[in-house]
Amino acid sequence: MTGKLTTHVLDISIGKPAVGVLVELVRVGPDKKIKTIQTDYTNEDGRLNHPLLEGDTMKKGIYELHFYVGDYYRSRGTFTEDLSFLDCVPVRFGISEPGSHYHVPLLISPGGYSTYRGS
């Protein structure tokens, strides 16, 4: 089995996928310094068009996904002020089995969010 890392974003305030959310994947080094691995935007299904990590790029370690939901809500007109309650939602997680599928979904609304390890 080839491991991979995937995500999707669902806007539960409208019950639809969140389209156009900037997602950034970073790796957290042993010295706590972060290195950006890649960035991409969610598609019309709230997913990325390809896995964030896959095959040889799946390595044990600590990672963060940064979901720029403030920009998403401002583009929809939900947040009209410069500062919103949610801006960038960071989700830190560990990959201990690089051969497995790690799915990290994000459920968002203007006032909160939730995540879990999906399948």
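The values are calculated or read from the model by the stated rules, or taken from the named source; none is laboratory data. Nothing here was measured: the structure is a model prediction, and the numbers come from that model. Reconstructed Cβ throughout: ideal geometry from the backbone, glycine too, with neighbour counts over all protein chains shown.
Picking from 9, 21, which residue would you name as being surrounded by 16 or more Cβ atoms within 10 Å (Cβ to Cβ), in contact (Cβ under 8 Å) with a residue 24 or more places away in the chain and either more than 19 Å from residue 117 (Cα to Cα) or among the polar types (S, T, N, Q) (or both)? I'd like the intermediate steps shown before the answer.
On the way: 9 fails: either more than 19 Å from residue 117 (Cα to Cα) or among the polar types (S, T, N, Q) (or both).
From the options 9, 21, the qualifying one is 21.
Picking from residues in region 94-119 that are in a strand (DSSP E or B) and loosely packed, with under 14 Cβ neighbours inside 10 Å, the one that is modelled with the lowest pLDDT is 118. For region 67-80, the count of residues that are under 26 Å from residue 3 (Cα atoms) and surrounded by 11 or more Cβ atoms within 10 Å (Cβ to Cβ) is nonzero.
Among what's in region 70-93 and is charged (D, E, K, R) and in a loop (DSSP other than H, G, I, E, B), pick the residue that is modelled with the highest pLDDT.
Going residue by residue through region 70-93, those that are charged (D, E, K, R) are 71, 74, 76, 81-82, 87, 92.
Cutting the leftovers down to in a loop (DSSP other than H, G, I, E, B) gives us 81-82, 87.
Details: 81: 68, 82: 65, 87: 91.
Looking at the filtered set, the residue picked out is 87.
Taken over region 7-27, the criterion of being part of a strand (DSSP E or B) and either touching a Lys or Arg at 6+ places or on another chain (Cβ under 7 Å) or modelled with pLDDT under 95 (or both) is satisfied by 8, 26, 27.
Considering only residues in region 40-66 that are assigned to a helix (DSSP H, G or I) and not acidic (Asp, Glu), the one that is surrounded by the fewest Cβ atoms within 10 Å (Cβ to Cβ) turns out to be 55. Exactly one residue out of 99, 61 is over 25 Å from residue 17 (Cβ atoms) and touching a residue at least 40 places away in the same chain (Cβ under 8 Å), and it is 99. Taking the criterion of being touching a strand residue (DSSP E or B) at 6+ places or on another chain (Cβ under 6 Å) and among the hydroxyl-bearing types (Ser, Thr, Tyr), the only residue of region 84-110 that qualifies is 102.
For region 28-39, filtering for residues that are assigned to a strand (DSSP E or B) and farther than 17 Å from residue 102 by Cβ leaves 4.
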